[in-house]
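Participant: Dropping a structure here in structure tokens format, bear with me for questions.
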């Protein structure tokens, strides 16, 4: 590293772990990755408890950082704070800013080393409760990146496409509401575990035309009865030879994303600025769906989790502003 880190930050999810050594202002000095996510911890001699497994992963990935910088504070977000994680970090109620997350960090003491501070997830209480864990830190990173550019609006909608896509309404820097669409997981289930997958050729090159066709169906009168009334068309278009098997995966993707955006359109259409954050290819698909609906192109951000961890760590007093 070209300089001593001010904060060691972990994005510890279900399937993987990313570690960041952060310098002043949240600049990433070094980054590492491990496949030892929360659901893939090592076993073997000396690993007789879940805590020992988590510590072994941390030492295996960042042991030299910890040895060289024993007094550098550590912070983590993601499933490491779930009931299946190192220690459960209780959900924080809405509305929630980075400052509220900072005051609710769960501290995991590590014998002989710096404690690990775990960011809580968010809970939206109500008749249909909703939760997020890890996305709250991405949102904090999005807001910090916009603030650094002097472009943070008072109100905005942050979309986080993924297995469980989140849409978060932010007002004056606080998450005040969010919705979850299981679009990614439903796509995987439909394409791999239903009759629709029998005619689909998975792994084919992206077919933009088929994706656009799915969007148009979802956002037209044909899709007015909802997603359950249109998904079977993946099979029927194939049976009638109107849609090749290689094109069916992208058609299904367009259908599902199109229905999701159609549900959001009345809110977005009210002039609310939209920021998408996540994997670039998936964000571009959502941007295409928004524009196909006649909505302004969204801002797209990526790689903001380290900045979110920095913002929360700073609010918690783990790092100082110079």
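Participant: Considering only residues of the stretch 274-300 that are under 13 Å from the mean Cα position of the chain (by Cα) and modelled with pLDDT under 95, which is farthest from residue 139 (Cα to Cα)?
Facilitator: Here the answer is 280.
Participant: Same structure, new question: Does the stretch 227-243 contain at least one residue that is in contact with a strand residue (DSSP E or B) (Cβ under 8 Å, 6 or more places away or on another chain) and either at positive phi or assigned by TED's automatic domain parsing to the domain that holds residue 204 (or both)?
Facilitator: Here is the first cut: in the stretch 227-243, the residues in contact with a strand residue (DSSP E or B) (Cβ under 8 Å, 6 or more places away or on another chain) are none.
No; the residues of the stretch 227-243 include none that is in contact with a strand residue (DSSP E or B) (Cβ under 8 Å, 6 or more places away or on another chain) and either at positive phi or assigned by TED's automatic domain parsing to the domain that holds residue 204 (or both).
Participant: Taking the condition in the same structural domain as residue 111 (by TED's automatic domain parsing), surrounded by 19 or more Cβ atoms within 10 Å (Cβ to Cβ) and touching a helix residue (DSSP H, G or I) at 6+ places or on another chain (Cβ under 6 Å), does residue 58 pass?
Facilitator: For residue 58, the condition - in the same structural domain as residue 111 (by TED's automatic domain parsing), surrounded by 19 or more Cβ atoms within 10 Å (Cβ to Cβ) and touching a helix residue (DSSP H, G or I) at 6+ places or on another chain (Cβ under 6 Å) - is not met.
Participant: Which of the strands (runs of 3 or more DSSP E) contained wholly in the stretch 104-205 include at least 2 residues that are farther than 16 Å from residue 94 by Cα?
Facilitator: Values: elements: 106-110, 113-118, 122-124, 130-132, 155-160, 165-171, 174-181.
Qualifying strands (runs of 3 or more DSSP E): 106-110, 113-118, 155-160.
Participant: Here's another thing I want to ask about it. What is the one condition in (1) closer than 21 Å to residue 315 by Cβ; (2) within 19 Å of the chain's Cα centre (by Cα); (3) without any contact (Cβ under 8 Å) to a residue 60 or more places away in the chain; (4) surrounded by 19 or more Cβ atoms within 10 Å (Cβ to Cβ) that residue 82 does not satisfy?
Facilitator: (1)
Participant: If I ask for residues that are within 18 Å of residue 163 (Cα to Cα), in contact with a strand residue (DSSP E or B) (Cβ under 7 Å, 6 or more places away or on another chain) and either free of Cβ contacts under 8 Å to residues at least 40 places away in the same chain or not in a loop (DSSP other than H, G, I, E, B) (or both), which ones from the stretch 277-299 would you list? Working first, answer last.
Facilitator: Start the filter on the stretch 277-299 by keeping residues that are within 18 Å of residue 163 (Cα to Cα), which leaves 277-287, 289.
Of the ones still in play, those that are also in contact with a strand residue (DSSP E or B) (Cβ under 7 Å, 6 or more places away or on another chain) are 277-278, 283, 286-287.
Result: 277, 283, 286, 287.
Participant: Still on this structure, please answer the following. Which condition does residue 190 not pass, out of (1) under 19 Å from residue 318 (Cα atoms); (2) surrounded by fewer than 21 Cβ atoms within 10 Å (Cβ to Cβ); (3) touching a helix residue (DSSP H, G or I) at 6+ places or on another chain (Cβ under 7 Å), if it passes all the others?
Facilitator: Residue 190 satisfies all of (1) under 19 Å from residue 318 (Cα atoms); (2) surrounded by fewer than 21 Cβ atoms within 10 Å (Cβ to Cβ); (3) touching a helix residue (DSSP H, G or I) at 6+ places or on another chain (Cβ under 7 Å) except (1).
The values are calculated or read from the model by the stated rules, or taken from the named source; none is laboratory data. Note that this is a predicted model, so its numbers are computed, not measured. Glycine gets a Cβ as well: all are built from the backbone with ideal geometry, and neighbour counts include every protein chain shown.
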